[in-house]
Amino acid sequence: MSQTEQARFDLTSQELWSIFEARRVKAPELKGPDLLVSAIAGYIRNRRPMVGRLREAANRVAALEEEIHALGSAQFREAVMDTQALARTGKLVGPALDRAVALAREAVWRSLGLRPYDVQVMGALAMHEGMIAEMATGEGKTIAAAMIASLFAMEGKPVHVITVNDYLVQRDATEMAPIYDLLGLKVGYVIHESTPSDRYDHYRRNIVYVTSKELVADFLRDQIQLGTLRNAPQTMIGSLMYRHIGRQLLVPGLFRVIVDEADSLLIDEAVTPLIISNSPDENPNEALYVAADELARKLRRGEHFTIDRTIRHVELTDAGRDKLEELCAGSGFWKGARRREELVTLALSAHYCYIRDEHYLVTEDKKVQIIDEFTGRVMADRSWRHGLHQAVEVKEGVPVTADKENLARLSFQRFFRQYPKMAGMTGTAWEAAGELWQIYRRPVVRIPTNKPCIRVQLPTRMFDTAEEKWQAVVQRVCELNDKGVPVLVGTRSVLASEEVSRRLMAAGRPHRVLNATQTAQEASIVAEAGQKGRITVATNMAGRGTDIKLGRGVAEIGGLHVIATEPHTSHRVDRQLYGRAARQGDPGCAQMFCSAEDDLFYRHGYLIRKAWRAIGPDRLIAMCQAKAERLARFNRKQVLKQDEIMDQSMPF
C-alpha cells in the first residue's frame, strides 16, 4: 500500500469510526430520584454566577489586545500556528485560551474592520465551555460564533455551524470567510442545491455552515450506506473490505457543533423527526383516500365525530361508527371497521384541524407544502406521515402523491446529543433552560447587552372578537404611520398576514408583506423595516437572523414599533418578535394585540377565554402558554421514547 493510499485509508477509518461512535450514543432515560437529582443540578448550573467570571475572562482578553494588535503579519501567523499546536494537543486552557480568543478577536478586526465588543467575547467564551448563550437581537451573535468556531477548528476536526436557512448559511459563511482565512482555516457551506461532490468537499473543511435539515439528511444517507455495521470489529472489517464506502460518506463524523437560534432548533423543532424515504412512481392508494374523503363529507360534526383542537385530534362517536358501517355496507375493502375508521379520521382531520395558509399552503404547481408554525417558513420536501398529507391533497383537489416508504429516521434531539461538544446561541433561551439541561445537558447563561435596552413594552390590548382586534391593529398602524414611525406587524400565519394586508390596502397604506410564500426576499424586506414611514407585515419570526437598522431620523420619533397580532404557544417566540425593536441601545416600542378568538385561547383556554377581563390579558396569556408548553414537552418526551425504540430495533 502506497503512502497516499495509506493516508486515504487512515482518513476513511477515522471517519467510519467517528460515525460508528456517534451511533453508540443513546438517550439517557432518567426516572425517579435520578430525574430529580438531574433537575436540581441543572437548576444550580443555570443560576450560578457565570456572568462575573465570563466578564473577568473578557477583561483578561482585552488586556492582551494591545500586544496582539502590534504583531506584524508574519508574527501573527506564527502566533496562530502556536495556538493551533496547543489546541491539537488539548492544551488550550488558562492563559493559552485567553491568548487564542485575543487572536480570534484581532482576526475579526484585521479582516472585517470590526472590533468585537466585550459581551461578544463573553458569549464566545460561554460557548467554548459548551453553554447556550442568550444574546439579545443585534448583539453580534454571528461574529461571536465565528470566533469560537475558529478555536474549535484549531483542534483539527470539522466544526459544524448550524443556522436556520440556506440564505443565512451562504451569507454567514461568505461574510466570515476572511476571519477564517486569516487564521489559516478553510470554511465551507452546504445548502439544498449543493451537489454530492460539493458536499463531500465542504464537509471536510475546517468549518462548515449548514442547516440542520441538510446535515441530518446527509448523516442519515451515510447511515444507509453503512448498512448493518453495528460494532467496532464490523466497522473496521468493513472499512478494509469496502474502501469505497469511505469515499461515498458525506459527513466525516460529528465532533463540534455551534447551533444558532438554539431554542428554535433544539426545542421547538425537536418534535419533528427527519425521515429519509423513497416515493414509488404510482400511488395505488389514491382511490382509497378519495373514497375516504367522500365518506367524511357525509358525517356531521358533534353527532358523528368530535374534535379536540388542543391536540388536533378527531374522535368518531358511536353514532359516527354506525353511520360509517351503514355507508360502507356491501363494500369489500370498507367492511374492515379499523381500516375505514382510520382513513375517514384522517380525512376529517384534514378538513377540520389543518387550515390552508396557516398550517400549509398550495403552490402554483399544485403541491401542498407544510408551513412551520414556529418560523412561518415553508418546509420544502417535507410531508405529514401516515396518510395525512394525502388526505390534505384530496381535500384541496391537487394531485395525490404516493405513500412514502421510510428508509431511515432521526429526531433532532437524538442527533445533536451525539456531538461530544455542543454549544449554542439565541436571543431567547432562558424560559427553556430546564429542558435544555434535561435533554442536552447544556446550561444557559444570559449575556448582558452592550448598551442598556430602552425598549418600551406597552400594555396588552385584548378584544372579544378577531374583527375588533384587526380594526384596532390597523387603526394603530395608521396612527404611527402618520407620524413616520416604522411599524413591524407580526402575524402567526400566512392567513393572518394576508388579512392585515387586505385591511391596510383598504386604508390606503403602502406596505410590504413577508410570509411563507416570499422567502426569497425575506432578508431584504426585513432589513428595510426600520426605514421612516415603512410598514412591514411578517409571519412569526420571518427574517430571523437579519438586523433591522433604523433609518435617518427614526430614532428621534421613537424607533421601530413592533405590533404582535396574536400570542404564540411559547412566550419565547413573542420575545423574539419584541426583540426586533430597540436593538443595540436604539429606542423602540412593542405591544401585543389579541382577541378571545385567537388560536392559543381557543386550544388551551377555551372555557376561560371569555373571562379575560376578570383574569387579565397578560395572566390569561401566561396560563394558556404554560398549558401549551406542558403539552409540547410531553410530545418531545414521546419523541425521545420513539428514539429509544428505533435504537433497539434498527441499525441507524
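The values are calculated or read from the model by the stated rules, or taken from the named source; none is laboratory data. Only a predicted model underlies this, so the values are computations on that prediction, with no experimental measurement involved. Virtual Cβ from ideal backbone geometry, glycine too; neighbours counted across all protein chains shown.
Quick look at the numbers
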read-out: Residue, surrounded by the fewest Cβ atoms within 10 Å (Cβ to Cβ), within the stretch 199-224, restricted to residues that are of a type in the set (Asp, Glu) and more than 16 Å from ASP260 (Cα to Cα); value: ASP201
read-out: Residue in the stretch 112-120 that is more than 31 Å from the chain's Cα centre (by Cα), small (Gly, Ala, Ser) and not in a helix (DSSP H, G or I) present; value: no
read-out: Residue pairs meeting the criteria (Cβ under 7 Å; at least 6 apart or on separate chains; first under 14 Å from LEU250 (Cβ atoms), in the stretch 197-214; second charged (D, E, K, R) and surrounded by 18 or more Cβ atoms within 10 Å (Cβ to Cβ)); value: ARG199/ASP218
read-out: Residues within the stretch 155-179 that are closer than 23 Å to GLN418 by Cα and modelled with pLDDT under 95, tallied; value: 8
read-out: Unmet criterion (only one of (1) buried (at least 18 other Cβ atoms within 10 Å of the Cβ); (2) at pLDDT 90 or above) for SER493; value: (2)
read-out: Qualifying residue in the stretch 255-274 (condition: within 19 Å of the chain's Cα centre (by Cα), at pLDDT below 80, among the β-branched types (Val, Ile, Thr) and more than 30 Å from ALA100 (Cα to Cα)); value: yes
read-out: Failed condition for ALA87, given (1) touching a Leu at 6+ places or on another chain (Cβ under 8 Å); (2) within 25 Å of ARG446 (Cα to Cα); (3) among the small types (Gly, Ala, Ser); value: (2)
read-out: Residue within the stretch 192-206 that is modelled with pLDDT of 90 or more, more than 17 Å from PHE415 (Cα to Cα), assigned to a strand (DSSP E or B) and in contact with a Phe, Trp or Tyr (Cβ under 7 Å, 6 or more places away or on another chain) present; value: no
read-out: Residue within the stretch 149-171 that is without any contact (Cβ under 8 Å) to a residue 40 or more places away in the chain, at negative phi and surrounded by fewer than 24 Cβ atoms within 10 Å (Cβ to Cβ) present; value: yes
read-out: Residue identified as in the same structural domain as GLY585 (by TED's automatic domain parsing), more than 29 Å from GLU364 (Cβ to Cβ) and aliphatic (A, V, I, L, M) among ALA472, ALA506, ALA466; value: ALA472
read-out: Neighbours by Cβ (under 6 Å, 6+ apart or cross-chain): first from the stretch 435-453, buried (at least 21 other Cβ atoms within 10 Å of the Cβ); second part of a loop (DSSP other than H, G, I, E, B); value: LEU436/ARG442; PRO443/MET131; VAL444/ALA429; VAL445/MET131; ILE447/MET135
read-out: Residue identified as at pLDDT below 95 and either touching a helix residue (DSSP H, G or I) at 6+ places or on another chain (Cβ under 8 Å) or crowded, with 18+ Cβ neighbours inside 10 Å (or both) among ARG544, ARG552, ARG630; value: ARG544
read-out: Check on ILE557, touching a residue at least 60 places away in the same chain (Cβ under 8 Å) and in contact with a strand residue (DSSP E or B) (Cβ under 8 Å, 6 or more places away or on another chain); value: no
read-out: Whichever residue in the stretch 460-485 is in contact with a helix residue (DSSP H, G or I) (Cβ under 8 Å, 6 or more places away or on another chain), of a type outside the set (Gly, Ala, Ser) and part of a loop (DSSP other than H, G, I, E, B) and, among such residues, is surrounded by the fewest Cβ atoms within 10 Å (Cβ to Cβ); value: LYS483
read-out: Residue check, ARG633 basic (Lys, Arg), under 20 Å from ILE311 (Cβ atoms) and within 20 Å of the chain's Cα centre (by Cα); value: yes
read-out: Identity of the residue in the stretch 94-111, over 30 Å from the mean Cα position of the chain (by Cα) and of a type in the set (D, E, K, R), that ends up nearest to ASN450 (Cα to Cα); value: GLU106
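Residues checked against (1) over 22 Å from VAL500 (Cα atoms); (2) of a type in the set (Phe, Trp, Tyr); (3) without any contact (Cβ under 8 Å) to a residue 24 or more places away in the chain; (4) not in a helix (DSSP H, G or I):
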position: ILE563; (1), (2), (3), (4): no, no, no, yes
position: GLU566; (1), (2), (3), (4): no, no, no, yes
position: THR569; (1), (2), (3), (4): no, no, no, yes
position: LEU577; (1), (2), (3), (4): no, no, no, no
position: GLN584; (1), (2), (3), (4): yes, no, no, no
position: CYS594; (1), (2), (3), (4): no, no, no, yes
position: ARG603; (1), (2), (3), (4): yes, no, no, no
position: ARG619; (1), (2), (3), (4): yes, no, yes, no
position: GLN625; (1), (2), (3), (4): yes, no, no, no
